1. Kindly evaluate Lys615 against the criterion of being charged (D, E, K, R), under 23 Å from Lys86 (Cα atoms) and not assigned by TED's automatic domain parsing to the domain that holds Val262.
2. With respect to the numbered conditions (1) more than 24 Å from Val292 (Cβ to Cβ); (2) in contact with a helix residue (DSSP H, G or I) (Cβ under 6 Å, 6 or more places away or on another chain); (3) in the same structural domain as Glu327 (by TED's automatic domain parsing); (4) not small (Gly, Ala, Ser), which one is the sole condition not fulfilled by His607?
3. Please work out if Ala239 is aliphatic (A, V, I, L, M), at pLDDT 95 or above and touching a strand residue (DSSP E or B) at 6+ places or on another chain (Cβ under 8 Å).
4. How many residues does region 379-393 contain that are in a loop (DSSP other than H, G, I, E, B) and either of a type in the set (Asp, Glu) or under 24 Å from Ile427 (Cβ atoms) (or both)?
5. So which residues in region 219-234 are charged (D, E, K, R) and within 13 Å of Val72 (Cα to Cα), if there are any at all?
6. Quick check: anything in region 619-631 part of a strand (DSSP E or B) and more than 30 Å from His397 (Cα to Cα)?
7. Criterion first (in contact with a strand residue (DSSP E or B) (Cβ under 9 Å, 6 or more places away or on another chain), hydrophobic (A, V, I, L, M, F, W, C) and farther than 14 Å from Leu305 by Cβ) does Ile167 satisfy it?
8. Could you look through region 442-499, keep only residues that are of a type in the set (D, E, K, R) and in a helix (DSSP H, G or I), and pick out the one that is farthest from the chain's Cα centre (by Cα)?
Amino acid sequence: MKYAGLVIDNKSDQTDTLYTYGCSDDVRPGQKVYVSFGRGKKLRPAYVFSVSDEPEAEYKNLKHIEEVDPDVSLSEEMVKTCIWMKKRYLCRYIDAVNLFTPVGKALKSGKVRKPFAGLAGEEQIIDSLTADQQKAIDEIEGSPGHDIFLIHGVTGSGKTEIYMQLIRRALDEGKTAVMMVPEISLTKQIIDRFIGRFGSENVAVLHSKLSAGERHDEWMRIRSGQAKIVIGARSAVFAPLENVGVFILDEEHESTYKSESVPRYDTVEVAVKRAMAMDAKVVLGSATPSVVSYSRCGEGIYKLLELKERYNKVKLPDVEIVDMRRELRSGNKTIFSETLYNNMVKTLEEGKQVILFLNRRGHSTFVSCRECGHVLGCPDCGISLTYHKGIGKVVCHYCGYTEDVPEKCPECGSGYIKYFGAGTEKIEEEVANLFPDYKTDRLDFDSMRRKGSLEKILKDFGDGKTKILTGTQVVAKGLDFKNVGLVGIVSADVSLNIPDYRSAERTFQLVTQAAGRAGRGDEEGKVIIQTYTPDNYAIKAAAMQDYQSFYEQEIQFRKLRTYPPYSDFIQIVIGSSDQGVATSVADEWEAEIRKSLGEESGNVLPHAGMLTTAKEGYKEAIMIKCPKGQRNKYFRIISPLRESVKGDKRKYSVSVDVNPYSMWRS
């Protein structure tokens with residue numbers, strides 16, 4: 001008999017440890033097994049993390065593994081990655097394990113569900129590579145063993161072809177590959193290309209929009225070795241592949257690569273960890289790399305590869321900035337400047353298509369009473385409600401709360417209810433009124449809710465049926481349509497006004513990426529940027545497609561304020577259904593951390609309540625500014641507190657996040 005250390009499938013801090021069970025000699029680490037746990041006799045799933053010949057202690061009533069799952073198992077590398085994630089992100093073992101394991105069940109009929117069955121794929125004929133493309137491929141392939149590369153290529157420079165060439169090389173060497181994109185909406189275009197190049201039998205898809213059954217069957221195809229290439233959003237980094245040759249993250253700058261739920265992992269970090277274990281390469285690509293990633297090239301952590309021209313030397317679009325303050329002074333109070341409207345008319349008359357970008361969904365951004373000034377707010381979150389004309393309701397974009405628009409002000413009883421601000425729904429409405437002879441459509445979170453709607457919207461635009469496409473950031477990410485002659489950025493200031501140190505970076509990225517959708521065919525495109533802050537360095541640099549200029553100004557600002565990459569922000573969130581418990585625990589933790597840090601106690605910001613829904617309960621957040629290179633030191637202070645939750649009888653939860661994207665929510 002041997003002794004197995006098991007992680008029990010039980011989402012509780014109290015049981016977040018390895019439990020010793022007796023087992024037969026053929027049990028191996030990574031296997032999924034079934035055991036009785038606690039007082040009940042019902043079998044619970046568990047995962048083997050260790051097997052030893054001798055027990056660590058004497059056990060009077062030692063339990064044994066009852067069953068072994070013949071289909072589901074983790075590799076040794078996956079088990080080690082789970083252990084690393086527990087230490088790195090201070091999460092529970094089972095939270096990490098569940099990222100690697102399948103959901104859903106197999107059909108009793110034995111039939112395999114394929115989410116893209118019947119897709120013929122897009123066959124692309126590549127006559128030759130550019131000198132920059134070939135140089136990048138040669139450098140990556142010529143690098144022995146594990147390395148991390150950042151491909152900084154202007155929009156349309158052919159980064160996807162480099163990815164495909166690298167994956168072909170990996171397959172030829174008998175290895176596998178992972179291809180990640182930041183948005184699920186982008187997987188369709190990538191899948192089309194990859195199936196056309198590699199065949200449907202070699203490609204599997206992993207992302208959260210698949211049904212549980214589809215995800216189960218795709219997981220099984222991958223784990224069995226049938227599929228050699230995995231395409232998906234950030235969850236694809238946990239694909240149950242072995243012998244991976246390359247992990248690729250396209251649009252590496254996107255915030256969606258950072259998990260906002262437990263465990264709050266960074267996809268790049270996980271990819272690097274897995275790649276190191278398999279001696280694989282990691283390739284990051286972007287036209288607008290994150291400031292942190294680009295700085296790592298200067299430190300020698302990443303190897304920088306540049307693509308400075310579009311494929312076949314197609315010109316970058318002509319960009320014009322329109323000062324909306326002048327439009328107001330001239331009497332134009334509409335959404336569209338005279339310049340944007342005239343260019344839309346010209347583009348449509350030439351048979352070209354138009355994309356309008358506004359990173360704000362809904363019809364009106366808030367609803368207010370003109371009598372008393374009351375703004376309709378969410379009763380759970382307290383933030384203003386957004387009017388959605390399509391459903392005739394106001395909606396909370398944080399928790400999803402919905403209510404009818406009142407006929408009278410709930411505060412003063414006045415009937416003077418007014419809608420303010422503009423979102424994509426209103427833009428679409430205005431466009432339909434101005435250009436009734438042209439088919440319009442909208443691409444945002446609301447229009448993509450129904451299954452198949454995304455594919456239809458993109459197909460209609462790709463086929464030329466839709467002439468004007470309005471959308472949020474979804475339209476700015478990776479869409480490749482040859483007939484787009486004009487991109488109009490309706491308000492470049494939306495993301496500038498977010499209270500976050502990354503607001504300028506986010507603005508530069510969104511404007512540059514949106515502008516990159518224009519002129520991807522044979523002719524030069526046009527981009528109109530509407531803004532009330534035309535002199536802002538992020539907007540000026542984006543208009544010139546000048547990343548270097550933006551980076552040099554932004555990195556000086558970060559250095560002056562010691563913001564990342566010169567530090568890390570560590571956020572500790574304590575949640576409870578009892579507000580008193582959340583507050584008291586946060587008080588105790590803050591005091592203990594300050595005491596442990598001594599002279600560095602000033603790096604701990606006073607804890608504050610977070611914006612939450614009624615379902616989430618109460619949350620208190622402690623924010624710590626951690627000097628560069630000191631993360632392990634700070635984690636050594638936080639880890640014992642995190643472990644102390646097990647012995648605390650008060651009911652509360654704790655999560656730890658490094659450099660969160662929701663850090664300024666309050």
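The values are calculated or read from the model by the stated rules, or taken from the named source; none is laboratory data. Just so you know, these numbers come straight off a predicted model, no measurement behind them. So basically every Cβ, Gly included, is an ideal-geometry build from the backbone, and we count neighbours across all protein chains shown.
1. no
2. For His607, the failing item is (3).
3. Here the answer is yes, as Ala239 does meet what is asked.
4. Summing the residues that are in a loop (DSSP other than H, G, I, E, B) and either of a type in the set (Asp, Glu) or under 24 Å from Ile427 (Cβ atoms) (or both) in region 379-393 gives 7.
5. Keep residues of region 219-234 that are charged (D, E, K, R), which gives 221, 223, 228, 234.
Listed by number, the residues that qualify are Arg221, Arg223.
6. Here is the first cut: in region 619-631, the ones part of a strand (DSSP E or B) are 619-627.
Narrowing further to those that are more than 30 Å from His397 (Cα to Cα): 626-627.
Yes: region 619-631 contains one or more residues that are part of a strand (DSSP E or B) and more than 30 Å from His397 (Cα to Cα).
7. Yes.
8. Initial filter on region 442-499 (of a type in the set (D, E, K, R)): 442, 444, 446, 449-451, 455-456, 459-460, 463, 465, 467, 477, 480, 482, 493.
From what is left, the residues that are in a helix (DSSP H, G or I) are 455-456, 459-460.
Details: Glu455: 20, Lys456: 23, Lys459: 24, Asp460: 26 Å.
Restricting to residues being of a type in the set (D, E, K, R) and in a helix (DSSP H, G or I), the top hit is Asp460.
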